[in-house]
Structures are given as C-alpha cells and as structure tokens.
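What follows is one structure encoded as structure tokens, with my remarks underneath.
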Amino acid sequence: MGKLYVVGTPIGNLEDITLRALRVLREVSLIAAEDTRRARVLTSRYDIDTPTTSYFEGNKRLKLDAVLGALVDGDVALISEAGMPGLSDPGFELIQVAIERGYEVVPVPGPTAPVTALVVSGLPTDAFLFLGYLPRRQSRRRRLLDSVARTEHTIVAFETPHRLLESLTDVRESLGDRPLALCREMTKVHEEIWRGTVSEAQTAFTDREVRGEFTLVIGGVTDEEQRWDEEEVRAALRDLLAKGVRRPDAAKRVAELSGWGRSAVYRLGL
C-alpha cells in the first residue's frame, strides 16, 4: 500500500522548493497536480521525469478513483498550483478520502501564501483566522465578514484582482476602517506588500490596473477600540431610532462609537 505525500511547492520563486520535496517528487510513481502546466515548469527546472496527471476542481470527481488506484501499488505526490495542497484547493477531498481508506498521508512542508503574507504584514501573528477565498457573491461575502467582525484574531483571506475593490468596500462596511496589508505576487519579480488602512487601500487601488491574486491580512479588534457587545449596540440603536434618527444615520453613528462595521450595525437595526 502506497503513501500519499502532500508536497508544498513554491508560490512563485522556484528556488523555494525544499530538497526533501525534490527527492519525493523524483521517487513517487505519480504526481497528481492541480495545474499540470505549472507542474511541468517545476519538474523541467529540476529534471524530474515522474509521470504527472491533472487533479483539479473541474475533474476531481472523475480523477479521484484513478489517483486512489495508483496508491494501491505505489506512492503518489499531491501538489497544488502553488503552495501547500489542501488550502482552498481540491486536494482536501483527496486527502480526506485517502485517510478514510487507510492510506498513510505524509506532509512535506513548503511555502504557503497565508503564513507568508501574515509574517510580513506587520500585524499580530500570535493568533489568526484564515477565511480562504472570500465569496464571490456580495451577500455571502458580507455575511462571512459580519460573522468575524468581533474576533480579536488577525484575519487572512484570498481575493482575485477584479473583485478587490468590491471586497475592500465590504470589509470596511462590516469590520470598519482596520489596519490592512495587501500582498500580491509574493516571491516573484513584481512582489508588492502594501500596508495601510482599508480606506487608504481603496484610494490607492481605485485607479490602478492590478494583476495577480491578493492575500489580504486584516487587523483584529484591539482593546483600544473598546468594542461594544451586541446588547450595547442594540440599545444605542433603539435610543437613536426612538429619537427619530433615520436607520442608516443611526447605524453610521453607532458604528463610529462601537467599533462595529456599519453594515453589521444596520442589520441589527432591522
């Protein structure tokens, strides 16, 4: 019975591959790759001729049994498009099923975008919450951000360039004008680590053509913010509404005082 090796690969710079990862990729009988084109760039660079098969979101149901079948007679290496497999990619299902069927799953650690962005963000690293890719639909994105609005942990999430500004608007509405780091093209030639607040990011990126996926690192609630609990927010809203203040204006005023995002306060007011 073979082993499933979960192999971390570079998120950009090919020199970030580990010696152990190279050895494993040479010794296994099959490489299951999320992106075979990216895999070929890596294997060609290091003269690795191991057979490679695609295993990605669009074909994972068709390929799952074939990859598991390969484990019957030999070892398989799972690699993602970049970084550690299983984080916001289809590798999770393969790992899960392999464990259920009794195969040994062996980690071969390597680069990973969330931790890389976190440690260079300048924001607290002692505890963090990883959200994966922010939802495409605004309603779902707002609900997710509202649900973490009270956490003290630093928040890490992925976002695509064409949705960046929309998501920054939702972050500001749900979480407030927090400190933020935007990390793109990490370890590559055009690496950029932008630091500031959410509102400053909105200004900085409004008229820019942005490329490359972003890792967002957002500050959590701090003691200095003296964030109100839900009952305090509801009480303040009731008081303002009873005085005839319009709901949007009341939500804005309470958000400024409470440390809550305006959309989260507005939803409580409903």
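Observations on the structure shown:
- Inter-probe distance in nm under a simple model that places probes 7 Å from Cα toward Cβ, at Arg137 and Tyr46: 4.1
- Shown is the FRET efficiency for Val97 and Glu231, computed with R0 = 51 Å from the Cβ-Cβ distance and rounded to the nearest 0.05: 0.70.
- Using the rule -39500 (n - 2.57) for each DSSP H run of four or more residues, divided by the residues of the chain, the 222 nm mean residue ellipticity is -13000 deg cm²/dmol.
- Additional length obtainable on full extension of the chain from Glu192 to Arg26, 0.36 nm per residue less Cα span: 56.4 nm
- Computed E for Glu57/Val119 - FRET, C-beta separation, R0 45 angstrom, nearest 0.05: 0.95
- For the stretch 1-90, the set of chymotrypsin sites (Phe, Trp or Tyr not before Pro) satisfying both a DSSP loop assignment and a count of at most 14 other C-beta atoms within 10 Å is given as Tyr46.
- Taking only the C-alpha atoms of the stretch 114-225, the Rg (one decimal) and the largest Cα-Cα distance, Dmax (whole number), read 12.8, 38 Å.
- Sorted by Cβ neighbour density within 10 Å, fewest at the top, the residues Trp260, Trp194: Trp194, Trp260
- Calculated from the alpha-carbon coordinates, the stretch 3-111 shows an Rg and a Dmax of 12.3, 35 Å respectively.
- The stretch 230-269 - Kirkwood radius from inverse mean 1/r over Cα pairs (Å): 9.4
- nm² value of the averaged projected area, convex hull over the Cα atoms of the chain: 16.5
- Neighbour-count order for Glu27, Glu213, Glu231, fewest beta carbons within 10 angstrom listed first: Glu231, Glu27, Glu213
- At R0 = 30 Å, FRET efficiency that the Cβ-Cβ distance of Glu209 and Thr36 yields, to 0.05: 0.55
- Shown for Met1, Met84: other C-beta atoms within 10 Å of each C-beta, ranked fewest to most, produce the order Met1, Met84.
Taken together, the values in this text are just the output of simple stated rules run on the coordinates, not laboratory data. Keep in mind that what you see is a predicted model, and the values were worked out from it rather than measured. A quick note on method: Cβ atoms are made from the backbone with ideal geometry, for glycine too, and the neighbour counts reach across all protein chains shown.
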